[in-house]
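Any read-out appearing in this document is the output of simple, stated calculations on the displayed coordinates, not a laboratory observation. Values in this document were obtained by computation on a predicted structure and should not be read as measured data. Positions of Cβ are generated from backbone atoms using ideal geometry, with glycine treated the same way; all protein chains shown enter the neighbour counts.
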Amino acid sequence: MPGILLHLSLHIAAAVSYAGLGYHFWHTRWNDTGKPLAPLPMQPWERCAIAVPLFLQGSGLYVALFSGGGLRFSFSLAASLMLWLAVLIHWLESFRSRMDGTQPMVLPLAALSAALPVVFPQTHEIAHAQAVGFRIHFLAAMLAYGLFTVSALNAVFMGIIEHKLHRRILTGQPASLPSILSMETLLFRIIGIAFLLLTLTLISGLAFSEQIFGKAFVFDHKISFAFASWIIFAALLFGRYKHGWRGRVALRWTLAGFFLLIVAYIGSRFVLEVLLGR
């Protein structure tokens, strides 16, 4: 019980902090006054401020996942962990690339993800969590999910910029967001790394199915969606390399692959745990 209360309080504190920072970045970067806005680089105190809810949410996830000596998991913890990794990757990337203006969308989503374990606290213990094959599979899957989340957010940002520029609206978000070219370069770099991790996830799931899941490999709906997502991202990377795909084509393929990946695990776990109560 103390562990449950601790991780819930940490998640609540993280959600409130993310929401407050999201409002701050919206007010300073996206609040459209009708006047041209000059880019405002992220300040050192802002980076330190984002680190606070990152630490709180990460601590809450650690307590929730590993309390009781085993590994406990649920769709709410999966979503929270996925967004926590996305924010962490986004935060680390901001030290080497310009990420100004992306926080007003990232941080509110992080607040929602941090609140999910509070709203849906039910968890279940994962069998075979100590197996090496499971650890490889779990780590690769979570890192892939986090990176694909960042890529999906980048795709949304690029869509916002492109839409605003086509309408010749140069106030608000377009002024504070990075250039389309820099975000496109970042997008495909992240997708490339995430695709390798997704490949490792699928291979480890096939190779260690007996060790991880306690049964032979079964081609169920979750695996089907995961493989469909893998095919989409493989086609996207091939199209980028062979035909120079970019712009709206790249954005649509990115969001389609991400949607299937979300349905593959988080969507199925939501149906089983919340709607069906299993």
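Residue exposure proxy: 42, 158, ordered by other Cβ atoms within 10 angstrom of their Cβ from fewest to most, comes out as 42, 158. Stretched out straight at 0.36 nm per residue, the stretch from residue 59 to residue 24 would grow longer than its current Cα-Cα span by 10.2 nm. Each residue, residue 125 and residue 242, gets one label point 7 Å from its Cα in the Cβ direction; the gap between the two is 5.0 nm. Rounded to whole numbers, the Karplus 3J(HN,Hα) couplings from phi for region 136-153 are 4, 4, 5, 5, 4, 5, 5, 5, 5, 4, x, 5, 5, 5, 4, 5, 5, 5 Hz, using 6.51 cos²θ - 1.76 cosθ + 1.60 with θ = phi - 60°, and x at Gly and Pro.
Ordering 92, 107 by the number of other Cβ atoms within 10 Å of each residue's own Cβ, fewest first, gives 92, 107. Annotation for residue 132 and residue 97: the two label points, set 7 Å from Cα along the Cα-Cβ direction, are 3.4 nm apart.
Ranked by how many other Cβ atoms sit within 10 Å of their own Cβ, fewest first, the residues 72, 189 fall in the order 189, 72. With 0.36 nm allotted per residue and the present C-alpha distance subtracted, the residue 5-residue 203 stretch has 67.6 nm of extension available. With R₀ set to 35 Å, the beta-carbon distance separating residue 12 from residue 189 gives a calculated FRET efficiency near 0.50.
The gain in end-to-end length when the residue 49 to residue 252 segment is fully stretched comes to 69.8 nm, 0.36 nm per residue minus the alpha carbon separation.
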